[in-house]
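Only the coordinates and a few stated rules stand behind these numbers; no lab work does. Every value quoted in this text rests on a predicted model; they were computed, and no experiment measured them. Ideal geometry is used to build each Cβ from the backbone, glycine not excepted, and the neighbour counts take in all protein chains shown.
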Amino acid sequence: MRFRRSGALGAHANSAVSDFASRIDGHSAEVAERAAQVIVVAVRVLRLPTAILGALSVPFIVATLVLGQAADGVASILILGAGLAMAVVNALFWIRRRSLLQAVDDPASLATELAIMITMTDKVEETRGVLTQITGGAGWGVLRRLRGIWHGTQMTGRWIDQIGDLPRARYFGPPRLGTTITISVAALWLIPISMVVAFFAVIGTVAGSF
């Protein structure tokens, strides 16, 4: 596995990751492989549901933006502002969804990175235990359970920085896993919110035209 970064910082990161990779023990490799299998299945199961989740609010966001352009004065500014805010949330969801799908497109590489992630911490047993406990559940249940288990685990800022050098595994450890859940919840709430905003945008635009 190769990690590319520019300059001396990139060389240092690659060297550090390679060093951790050489210290992977057999038990950690086995745990990482099982965890990777569960994570890959969970993310792939969510491919269609997440696509539907992200798409449901799009028509209302587009309608809000169109109505904002048609409105006048303060109403136009407020409607466009709301539409742009919703568009940003939706875009963040699609970006994170794509990142997760790319993270699991090579299960073997993901397993290797998860094993490296275990080795990166000074609490190898604790980290192995976290990954071992996710074997039950499917779909969002796996990600939520993993986040909950990580929540009770004390990881140093140095470890969090180091996991950023793992392009696949970093999405399944703190803090990115928590961010993924937060973005997903926001996207879920965006559906009813976008409907309500679009409805009021229609009212505001019609009222402003008289």
Discussion item. So if each residue of separation counts as 0.36 nm, and I subtract the Cα-Cα distance between TRP189 and THR132, what length gain in nm does that give?
Written reply: 17.4 nm
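Using the Kirkwood radius over Cα pairs, work out the Stokes-Einstein diffusion coefficient for segment 43-208 at 4 °C and 1.567 mPa s, in µm²/s as a whole number. Provide the component values of the computation, followed by the final result.
Working: Rh = 17.8 Å.
For the chosen part, D equals 73 µm²/s.
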Discussion item. If I model a spin label as a point 7 Å beyond the Cα along the Cα-Cβ vector, how far apart are those points for ALA108 and LYS123 in nm?
Written reply: 3.3 nm
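Subtract the Cα-Cα distance of ARG144 and LEU84 from 0.36 nm times their separation in residues, and report this length gain in nm to one decimal. Walk me through the numbers on the way to the answer.
Working: separation 60, 0.36 × 60 = 21.60 nm, distance 2.87 nm.
Additional length available on full extension: 18.7 nm.
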